[in-house]
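The values are calculated or read from the model by the stated rules, or taken from the named source; none is laboratory data. Worth saying up front: this structure is predicted, and the values here are computed from it rather than measured. With ideal geometry, Cβ positions are generated from the backbone for all residues, glycine too; neighbour counts draw on all protein chains shown. Accessible surface is based on the protein model in full, side chains and every heavy atom, while ligands, DNA and RNA are left aside. Shrake-Rupley method; radii C 1.70, N 1.55, O 1.52, S 1.80 Å.
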Amino acid sequence: MVESLSFSDTFEPNFRPLVAIELAKGTKEETIEWFTKRIVDKKANGGAQLLVKPLVTENGGENIYLVGASHLRLLLGAEAVGLVKECNDNSMRTFTYSSRKTFKDFADDNHNFLTMSECQYIIKHELENLRAKDEKMIPGYPQAKLYPGKSIVRRLLTNGILVQIFPLHDREELKKLRHSWYGRVKVGYQPLDEIRCYFGETIALYFGFLEYFTFALIPMAVIGIPYYVFAWEDYDKYVMFATFNLLWSTVILEVWKRICAIMTYRWGTLLMKRQFEEPRPGFHGVLGINPVTGREEPVYSSIKRQIRIYLVSLPFVCLCLYFSLYVMMIYFDLEQWALDYHEENESNFSSLMLFVPSIIYAVVIEIMNRVYRYAAEFLTSWENHRLESSYQNHLILKVLVFNFLNCFASLFYIAFVLFDMKLLRQSLATLLITSQILNQFAESLLPYWLQKRHKKRMKKHMCSLKTDMDLSLVEQVNLEKEMGTYFGTFDDYLELFLQFGYVSLFSCVYPLAAVFAVLNNITEIYSDALKMCRVYKRPFAEPTANIGVWQLAFETMSVISVVTNCILIGMSPQVNALFPDSKMDLILTVALAEHLLLAIKFIMAFVIPDKPRDIQIKLAKLEFESLEALKQQVRTTDVTTTTV
């Protein structure tokens, strides 16, 4: 059995706890011994060659193990996962152990060359790549079948033997990050490099995009205020505002690609090669041979998956969309009731009642979005996608379609069926503000309050133990294992996507939308920072080069906004007065303007490069050097073969 970790030798020089593994209570001893042996075994024997020690508490009974690694093992792991680091000549290159001396700040005794998040990512990679050799089952659990090449960690997770694996916080570094990030109210940029070092590139990119989007909204907000105050019913002036909005939405998305490229090049992820994707943990099927890797793994018929998608998932999504429209019609009945009530009474109370239907509908929308999210996750998991990327793409598509219709269908109906611009402004303002308040409460304030209560209870429990021992590590692990799990940036990007829709789709009707979006995002930066540092467990770092499919989602929304704003302008009385005799001329003019704006939009997207010139040159130079090195290697091999 592995050596136990007591309170006093927690921070011994050759062991630094980086990752915690929690096994289910009552896990059989033979299973624990087999699993920990595979973790510490040499790579040549099929192990991960890591360090693991059980966390021994005073009362015992906790199946929690702490995992670390030697400095040499982490450096070799950095090469295996393809980490990119800065060289002494300021270029970015894939790290190799043989050329380690050429990298900036490297020294044999410098254990900070790799950030803690990079070390935890390496350990996660090594644990996930622990594979069965000749075992047929998990020892002690005959029902947990294994086959050569099967990921051991994934089998333990799916069978409930392994509860969770999570990276540990660094209390001192977290304290510094909290102080520089949200510890004091200040006007300035976020410490994105420090966020990246602590949480990884995926989290840092989200906060970078949130910050950038907030600053990009400021011109819209500044221009929108005078339009709201001085030209509320003057649609002629809104033509200029809407045109600026449409060009603005294109420019900010193209400029973001450039900023994103600069950041990810500096962080090294722009150069990282995409790794071969393994089957996701929930994937199941009959045992077969993967034609690419040649390994045994579950195989599932794509025809069966397509049947599940088109005969079950698609009808269910359509049914949910119909239900959303049905709820929308109930909302309009309530609006009519509130209007009739106001006309009969005409009091301050009746004036307030005019806003009640929109507030109720906004709350119902948020509830429906969250309930549908669970249903979409269940359906997408049931479809049995082999790869995590495929699973995420299908989930995002389902959620985006429903959220778009659920949030914006009523606004489209008011604008293009009822032709009620006053009600459109009122509904847009109410939906936007109510959804922002609800999201702030549900995502940050409520979890923070619950976490604070749990922390107080845990501290009381720890104080009841013997006080002559160092409880800092035990307290930390027990606190963190009960914290909520951060499931990624999906919900955060979704919130920004819907906000972008509120701002861009009907900008010529409600210019103040950008103002409320800026105010919300300023508080969002602080509340999201709070939940990352105080509410959730530390997530594993995930290297990424961009915001992925969300870039396409935002670009699609900006295209739709061109169409909606052009139609709204064409519906205005001032524009209609220009074509008193022929409505067809009006329609053709609006269509021509819409096509012209779309053409300008796509030309701008084509003209503005996704990467700055200097980044393009650096990438081309690295590609050239890689090809030259490959040629030299081939020549050397040929010479050696000829000599022999």
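A few notes on this one:
- Sorting the segments 583-593, 481-491 by their mean number of nearby beta carbons within 10 angstrom, highest to lowest, gives 481-491, 583-593.
- Spatially, segment 151-180 and segment 501-573 are offset by 30 Å when compared through their Cα centroids.
- Share of carbon and sulfur in the accessible area of the chain stands at 64%, probe radius 1.4 Å.
- ³J(HN,Hα), Karplus 6.51/-1.76/1.60, whole Hz, each residue of segment 260-269, x for Gly, Pro: 4, 5, 4, 5, 6, 5, 4, 7, x, 7
- Of ILE330, VAL477, ILE414, farthest towards positive along the dipole that unit charges on Lys, Arg, Asp, Glu beta carbons give the chain: VAL477
- Heavy-atom accessible area order for PHE441, PHE213, largest first, 1.4 Å probe: PHE441, PHE213
- Segments 543-549, 82-88 sorted - mean Cβ within 10 Å per residue, highest first: 543-549, 82-88
- Take the Cβ atoms of TYR526 and VAL364, set R0 to 25 Å, and the FRET efficiency comes out at 0.35.
- Efficiency of FRET from Cβ geometry, ASP41 and ASN90, R₀ 35 Å, rounded to 0.05: 0.30
- Options PRO539, ASN439, PHE487, ranked by Cα towards positive dipole end of the chain, top entry (Cβ charges): PRO539
- Computed with a 1.4 Å probe over protein heavy atoms only, the accessible surface of segment 19-168 comes to 42 Å² per residue.
- Of LYS43/LYS150; LYS136/LYS304; LYS104/LYS631; LYS257/LYS601; LYS304/LYS398, pairs whose Cα-Cα distance is over 22 Å: LYS136/LYS304; LYS104/LYS631
- Scanning residues 5 or more positions from LEU387 or on other chains, those with amide H under 5 Å from its amide H are ARG280, with H placed 1.01 Å from N in the peptide plane.
- Rolling a 1.4 angstrom probe over the protein heavy atoms with all chains in place gives segment 324-442 an accessible area of 47 Å² per residue.
- Simple spin-label estimate for ALA80 and GLU211 in nanometres, 7 Å along Cα-Cβ: 3.4
- Its Cα centre serving as origin, segment 19-168 has a Cβ charge dipole (Lys and Arg +1, Asp and Glu -1) of approximately 580 debye.
- Dipole magnitude for the chain: about 1780 debye, using +1 per Lys or Arg Cβ and -1 per Asp or Glu Cβ, origin at the Cα centre.
- Positive dipole terminus of the chain, leading residue within PHE402, MET92, GLY501 (C-beta point charges): MET92
- For the chain: Kirkwood Rh in Å [reciprocal of mean 1/r, alpha carbons]: 28.3
- Which of VAL229, VAL52 is most accessible, then next, and so on - probe 1.4 Å: VAL229, VAL52
- Nearest-ten-degree value, helix 472-481 long axis tilted from longest Cα axis of the chain: 50
- The angle between the Cα long axis of helix 29-40 and the longest principal axis of the Cα atoms of the chain comes to about 90 degrees, rounded to the nearest 10.
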